[in-house]
Amino acid sequence: MMLKHKSLLCVLSLLMTINLLKAQNQIEDSCQEYFQAPREVVYLHVSKDIFLPEEEIWFKGYLYDQKNAKPSKISKTINVGVYDSTGVLKKEQLYYLNDGYFKGSVKVDSTFADGRYFLKAKTNWMRNFNDGNSFLKEFLVVKSDFQVKGSSQHLEKIDFQFLPEGGNLVAGIKNIVGVKALDHMNRPLQLKNIKIVDELGKQVALTETNSRGLGKFEITPDLDVIYFTKVKMPSGDEVRMRVPMIYPKGINLNVLDNPYKNQVLVEVQANDLALEDGEVKTNLVLHKDGEVISKPILLSKNSKRYTTYFDKTKLMKGVNILTLFDEKGSPIEERQFFVWKGIGRNRVETDIDYAIQSNDDLEITINSKAQQAMGLSVSVLPVNTKVYGGRSDIYEQFYLRPYVKGAIDNAGYYFRDVNSQKKYEMDLLLLTQGWSRYNWHEIVNGEEFKTTHNPIYGLNLYGFLNEDLKKDNILIHKSIEHEPTEIKLSSGQRKFLVTNFYPINGESIFFSKKNSRGKLSKLNMYARLSNAYFLEEEIDVSSYEKVNMFDRVNSIVYGDNNDFELPELSTEGTVIALDNITVTEQRKIEKEARNNLRVPRYLANKITVVDKELASTFNTFGELLRSKGYEVLEELQAYDGGSNEFISRVKIRSRRGAGVNVFLDDVLQLNLDVLYKMPLTQVESFYIDKLSRYMGARSAFKETIYIFTRRGKELNLSPGQDFIAGKSFVFKVDKGFEKQKEFYNPEFTSFRDLAFENFGLIHWEPLVWIDKNNSYKFKIPNYGYDKLKVVIEGMGENGNVFSDIKILDTATSN
């Protein structure tokens with residue numbers, strides 16, 4: 001009889017083990033399937049937080065591949081929207097992404113009233129996921145002088161939270177309880193001597209909160225005892241709060257992440273009541289972006305505690321999530337911890353000096369100490385500015401926001417000057433965050449995950465004819481981003497489609513008929529573009545409290561009432577350039593050339609821009625090369641050895657007598673005929689690399705010439721002669737891509753008064769590209785401020801990100 005009983009127990013135990021392994025496999029498979037499609041995360045570095053009339057809201061965008069931890073190359077377009085204080089869409093813009101980077105701006109025009117607004121960025125691919133990886137930032141528009149009143153602490157509004165590790169406070173076993181203290185403005189409170197006492201007043205634990213308002217304590221609670229917290233506020237008053245409910249039955253998940261060690265210790269423990277009906281079977285799952293490690297755990301009366309280790313050197317960097325599942329596959333506890341693996345090690349150094357050419361300018365030098373090329377953006381403000389708080393940054397958006405559900409105060413704090421203390425405080429932050437933002441019911445029990453929104457690689461241009469062309473072709477003339485295109489339609493065909501089209505808002509697209517002799521005539525047709533505007537008409541902004549932004553981003557509220565005057569606009573002009581004068585046509589041409597999407601980022605600051613003077617001097621590109629010592633042969637025709645095989649009419653040799661490599665619009669040319677008598681009016685910029693440093697061994701020891709053609713009309717040396725419009729159907733673009741602007745400031749009456757010091761932006765530099773261990777220099781106007789606040793953010797080509805605030809002393813410049 002005893003043997004039968006033991007055999008039955010063995011069978012039941014085996015069945016339970018099989019069911020547990022089956023649930024474990026289902027969780028792993030569901031997690032891997034759910035995260036199989038890579039997620040994108042977008043961040044906008046915005047020049048400041050508070051804006052004035054006629055200013056531009058300048059921003060630089062960074063798109064990140066969350067799964068592969070690199071700049072995203074999934075999407076080629078992104079949408080940016082402005083929402084009003086109630087969450088209603090006010091304006092939507094479309095931008096082109098260049099390997100995960102883009103820049104743009106929104107004008108604060110007369111349609112903006114005083115008040116708060118929201119800036120949102122999202123790709124079409126992101127619509128497949130509800131993980132919240134889009135970017136949303138609150139900003140303020142002020143249009144008249146105002147007063148900010150001082151504030152005081154309201155004890156009745158202190159937010160003091162108890163956050164048990166894993167989720168529940170369980171009786172009879174060890175519990176780690178996180179503490180979070182916030183004031184009435186949701187700002188962290190640093191408090192000392194936080195006492196945890198029982199109902200008789202006996203102290204059972206003592207803790208404190210750090211500068212982030214976070215702390216923790218250990219307790220083994222008794223189910224029959226009520227616990228309280230006694231806190232003495234800075235005012236001297238004592239506040240008493242009850243510790244949350246104690247669960248009589250349960251399991252605890254505890255994590256010990258020692259910043260000095262490469263292993264993280266994980267402990268799972270059940271109390272007696274949880275084991276009174278026998279063994280408890282659970283699954284411990286460590287996961288991040290589809291990478292899964294699972295361990296079945298069996299707890300019994302003889303083994304109430306399970307301990308295991310995870311090697312952090314073998315885990316993915318960033319937030320890792322530990323979830324404890326019961327034998328039915330339902331999540332019961334969760335804890336997040338952070339794996340650093342070099343995050344926060346990127347360094348850039350800044351220096352400032354007077355510009356060589358003008359004492360009215362300052363020159364800022366950025367030296368990168370990163371081990372990879374970095375794309376950065378830089379905002380320069382007076383050191384006492386009231387319009388930049390720095391409460392969120394690229395670190396938070398890429399490394400925390402995709403995983404963490406709760407609010408995070410000043411996330412950049414944890415990533416600057418990373419040391420063991422910062423790592424400890426990061427673990428404290430994640431302890432107090434509780435459950436991650438992922439919905440396990442949706443992951444494990446939901447329908448099979450499928451993507452329904454594809455990345456947008458450009459717009460579709462649809463053409464519809466009102467006539468038969470017979471033998472004529474359709475010519476789409478050169479536009480800002482596209483070369484001329486000829487389309488041949490079949491007999492009777494009256495429709496055509498151009499894909500991956502990048503029209504710019506406000507430009508005109510010209511369509512002509514072209515006969516066999518090349519003669520152009522007007523085409524009877526109409527056209528439309530596909531609609532890539534998809535942002536929600538209304539979003540929920542209820543989680544953003546309606547409080548004065550100055551209270552959140554500045555310490556000025558702790559004094560007396562403050563009156564603030566806004567900078568006044570001059571009636572004599574509307575814009576100034578970086579050197580304090582009106583933007584010149586030459587400066588505009590140069591900026592547009594460097595923003596050419598076909599120019600690789602590493603050449604953007606090295607190219608020579610072709611202006612009217614250069615084009616008039618040399619006429620053709622061949623003549624320009626001859627002036628630089630190259631031998632250029634442009635023959636009328638050439639045949640190979642008397643055969644009918646046509647060979648290149650153009651030959652270029654360097655001073656050393658060797659051939660050259662020629663890239664036209666970043667495409668290597670095997671035949672140089674395209675350069676035959678090429679007018680310089682068709683060339684926007686060029687770069688001559690005598691060392692071929694960017695081709696490497698492929699250069700075959702030849703010099704390399706890069707040529708970039710104009711994206712719009714040719715450089716017009718005889719203004720007023722434009723014959724295209726009279727021979728074309730003209731389509732005006734109104735829902736295309738946004739035209740990128742160069743930085744300017746409104747023409748304020750003064751750039752040196754207190755009003756500008758409080759609210760002004762000195763300079764915005766969005767297109768900084770620095771190679772490994774290299775530097776970048778740019779000029780800013782010298783408005784006479786002794787100290788400057790320089791905000792630098794960016795992303796490296798390997799996916800590492802950077803964010804820092806530098807204070808530069810102009811008085812020490814040479």
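Read the figures in this text as sums done on the coordinates, not as results from a lab. A quick note: this is a predicted structure, and the numbers were derived from the prediction, not measured. Using ideal geometry, Cβ is built from the backbone for each residue, glycine included, and neighbour counts are taken over all protein chains shown.
Descriptive notes on the structure:
- Global geometry of region 221-279, whether rounded, prolate or oblate, following the gyration tensor of its Cα atoms and the 1.5 cut on a/c: oblate
- Directionally averaged projected area (region 685-792, Cα convex hull): 14.1 nm².
- Summing +1 for each Lys or Arg and -1 for each Asp or Glu among the other residues whose beta-carbon sits under 14 angstrom from that of T313 gives +3.
- Judged by the mean number of other Cβ atoms found within 10 Å, the most tightly packed of the peptides 422-433, 309-320, 449-460 leads the ranking 422-433, 309-320, 449-460.
- Cα-Cα pairs of region 361-437 separated by more than 14 Å (percent): 73
- Trypsin sites (Lys or Arg not before Pro) restricted to DSSP loop in region 472-548 with at most 10 other C-beta within 10 Å: R517, K546
- Cα long-axis angle, helix 2-34 against the chain (0 to 90 degrees, to the nearest 10): 30
- A protection proxy built from the mean count of other Cβ atoms within 10 Å ranks the segments 197-206, 336-345, most packed first, as 336-345, 197-206.
- Counting DSSP beta bridges with both ends in the chain, the antiparallel % (nearest 5): 95
- Rounded to the nearest 10 degrees, the inclination of helix 420-431 to the longest alpha-carbon principal axis of the chain is 70 degrees.
- Selection among G390, L376, A407 by position relative to the dipole of region 373-417 gives A407 as farthest towards the positive end (Cβ unit charges, Cα centre).
- Alpha-carbon Debye profile of region 114-269, log10 I(q)/I(0) at 0.13 Å⁻¹: -0.84
- Evaluated at q = 0.10, 0.14, 0.18, 0.19 Å⁻¹: base-10 log I(q)/I(0), Debye formula over Cα of region 197-314: -0.48, -0.86, -1.10, -1.14
- Contour minus Cα-Cα distance for I805 and E267 (0.36 nm per residue): 189.8 nm
- Distance violations [Cα-Cα > 20 Å] among K91/K741; K180/K261; K230/K405: K180/K261; K230/K405
- The residues F129, F621, F325, when put in order of fewest to most other Cβ atoms within 10 Å, stand as F129, F621, F325.
- Shape call, region 385-496: gyration tensor on alpha carbons, a/c limit 1.5: prolate
- Burial ordering of S134, S543, fewest other beta-carbon atoms within 10 Å first: S543, S134
- Applying Stokes-Einstein at 10 °C and 1.306 mPa s to the Kirkwood radius of region 16-116, computed over alpha-carbon pairs, gives a translational diffusion coefficient of 94 µm² s⁻¹.
- Secondary-structure-derived ellipticity at 222 nm for the chain, considering helices only, amounts to -3000 deg cm²/dmol, per-run term -39500 (n - 2.57) for DSSP H runs with n ≥ 4.
- Isotropic mean projected area of the C-alpha convex hull, the chain (nm²): 47.5
- When peptides 74-81, 234-241 are sorted by average Cβ neighbour count within 10 Å, with the highest value leading, the order is 74-81, 234-241.
- Angle between the chain longest axis and helix 585-594 axis [Cα atoms, degrees, rounded to 10]: 60
- Taking only the Cα atoms of region 747-814, the radius of gyration and Dmax are 14.6, 44 Å.
- 14 Å beta-carbon shell around R656, net charge (K/R +1, D/E -1): +3
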